[in-house]
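Following: one structure in structure tokens, then a few remarks.
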Amino acid sequence: MTYAVMLLVMTAAAIFQALSPQIALFGQTPFPVLFGVVTYYALTRERNLLLLSAVVAGLVQDSLSMMPLGYSSFAFVAVGWVINRIRNLLFVRATITHVLCGAVGHLAVTLLLFLLLAAAGYTRLVPGWVAARCFGAICLGAVTVPLVFRLTAGLDRRVGNFGSRGGYA
Amino acid sequence: MIWLILGALLLVVLNLPDSLSGRFKAALREGVAPLQDLTADVSRNVREAGRSLRGLSDAALENRRLNAEVARLRTEVQRLNVFEREHADLRRQLHYASTRERRLVAAEVIARDISGWWQAIRVNKGALNGVRPQRAVITSDGLIGRTDDVSMHTSDVLLLSDPGCKVSAEIGRSGAFGLLTGRGVSWNGLVILRMDFINKNMEVRPGDEVVTSGLGGVYPKGLVIGYIEQVYRDRQGLFQRADVVPRADFGSLSQVFVVLNEQDPVEDLYLRRRFEEGPGEVPEDGSETPSADDPAGEVSP
């Protein structure tokens, strides 16, 4: 059931992320719905499931964009691994944790992707645009990840993947 | 151990040859495309319903305005028909090769680039409909970009506003050439285009129409791009550059047209087989041919 929920959530996340508006003030950063799913698994599940979700989310994001295959997977795995490592120090179910992980995590993913794309020659360093994207990454990550966390946790509870009060494996 | 395996897998994926990664991406895109198409339809219908509710009170006024516009356009078309006949006569007299009408494939926008790093959209027509990479994409208002990655049923379109999209352009009035580059989107959501390397001795005025020059082989000649907004002299004083306002509205793209080249193989192969083998016969290699009624979803301009 866990894998079925993951597949369903990834598909819905990809579609919502593609349809979400890209605001010019935020450097046209998309709403990080796929990253929100990865953050959920990083905070609440064992490492194997986190890795699987990060790789799959990254491949989905790369396939639905013009990004070279593997770049998003790399960024999601790196940031997801860090979140998974420090989750014992965090209040996993607290909204403030989701907000901070979303803001800082999405900023880290954005910067990692920018470095990879710039190194491969796909993008240029334009300070204003990069600053706008970083600002957008922080704001949108802080808003989107808590929502995605709640929805995914709710779905997991409904299908019986968790106990009624949560807790994580 | 799992991390080592995963690290190795990621290294492989990051270094996959383009053909392999392209096939994987195409397969995943084809899988998600029907859902994206459905979701785009639903959101389009909801927007239309909202617009209809808001517009009921203005419907009569809008109707009158549109009737006047139709009358004006009919007069303009009659005037242009005269010029077209005159133009055809002159070309015949000068023994130029006749220009063929452009073949267009109509497509609908089903998604935008999901990562936000490119100014790109996805449309619901692909190789099966005759679309190929590096083909111009237009709306009824003007040029919007070019096809980039094409799978069987979908195509990625890189928009003019993306810095990676460069177009050889020409100013209609003076004939001055330049290179048009996208500069992204401004803070207030306006698309910014910049035309560089314009000869400093050519007169360029705000309001001049900018069209494709036909150089470079991707964009056919004469596609409308937009209008000059402001003209500058560059610092070295060797060239001029200008800000260009695109004619097409990039914020509300829903229906687009892919401009096919004259030599695009799907259409030629189909026509050749139709004439050589006759209708109803199966080609020797057993491959599918487009239907007689709608070969490739094409429309004639």
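The values are calculated or read from the model by the stated rules, or taken from the named source; none is laboratory data. Because the structure is predicted, anything quoted here is derived from the model rather than measured. We place every Cβ from the backbone using ideal geometry, glycine too, and count neighbours over all the protein chains shown. For accessibility, only protein heavy atoms count, side chains too; no ligands or nucleic acids. Shrake-Rupley method; radii C 1.70, N 1.55, O 1.52, S 1.80 Å.
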Legend entry - Heavy-atom accessible surface of chain A: percent carbon and sulfur, 1.4 Å: 71
Inset, instruction - Could you work out the longest stretch of chain A that avoids the trypsin sites (Lys or Arg not before Pro) located in DSSP loops with at most 16 other Cβ atoms within 10 Å? - result: A:1-92
Legend entry - Simple spin-label estimate for B:Glu108 and A:Val99 in nanometres, 7 Å along Cα-Cβ: 4.0
Inset, instruction - With a/c under 1.5 counting as rounded, go ahead and sort the range A:83-169 into rounded, prolate or oblate using the C-alpha gyration tensor (a ≥ b ≥ c being the square roots of the eigenvalues; past the cut-off, prolate if a/b is larger than b/c, else oblate). - result: prolate
Legend entry - With Cα atoms, 0 to 90° folded angle of helix A:127-159 axis to chain A main axis: 20
Legend entry - chain A: C-alpha gyration tensor shape, a/c 1.5 cut-off, then a/b vs b/c: prolate
Inset, instruction - Mind jotting down the distance between the C-alpha centroids of the range B:153-216 and the range B:107-122, whole Å? - result: 20
Legend entry - Between A and B, accessible area buried - total, square angstrom, nearest 100, 1.4 angstrom probe: 3600
Inset, instruction - Over the whole of B:129-139, what's the average partner chain Cβ count within 10 Å per residue? Rounded to a whole number, please. - result: 0
Inset, instruction - Would you mind computing, in nm to one decimal, how far apart the modelled labels at B:Asn201 and A:Arg157 are, each placed 7 Å from Cα along Cα→Cβ? - result: 7.7
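So if each residue of separation counts as 0.36 nm, and I subtract the Cα-Cα distance between B:Asp58 and B:Arg72, what length gain in nm does that give?
Numbers: separation 14, 0.36 × 14 = 5.04 nm, distance 2.13 nm.
Separation in residues times 0.36 nm, less the Cα-Cα distance, equals 2.9 nm.
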Legend entry - Burial ranking of peptide ranges B:155-161, B:37-43, A:111-117 (average Cβ count within 10 Å, highest at the top): B:155-161, A:111-117, B:37-43
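Under the definition of partner shielding as Cβ atoms of other protein chains within 10 Å of a residue Cβ, what is the mean value for peptide A:10-19?
Working: counts 0, 3, 2, 1, 6, 8, 2, 5, 12, 9.
So the per-residue partner count for this stretch is 5.
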Legend entry - Gyration tensor verdict on the range B:40-184 (Cα atoms; rounded if a/c is under 1.5, prolate if a/b is larger than b/c, oblate otherwise): oblate
Inset, instruction - With a 1.4 Å probe and every protein chain left in place, work out the accessible area per residue of the range A:86-129 in Å², rounded to a whole number. - result: 57
Legend entry - Positive-pole candidate from A:Ile96, A:Gly36, A:Ala137, dipole of chain A, charges at beta carbon: A:Ile96
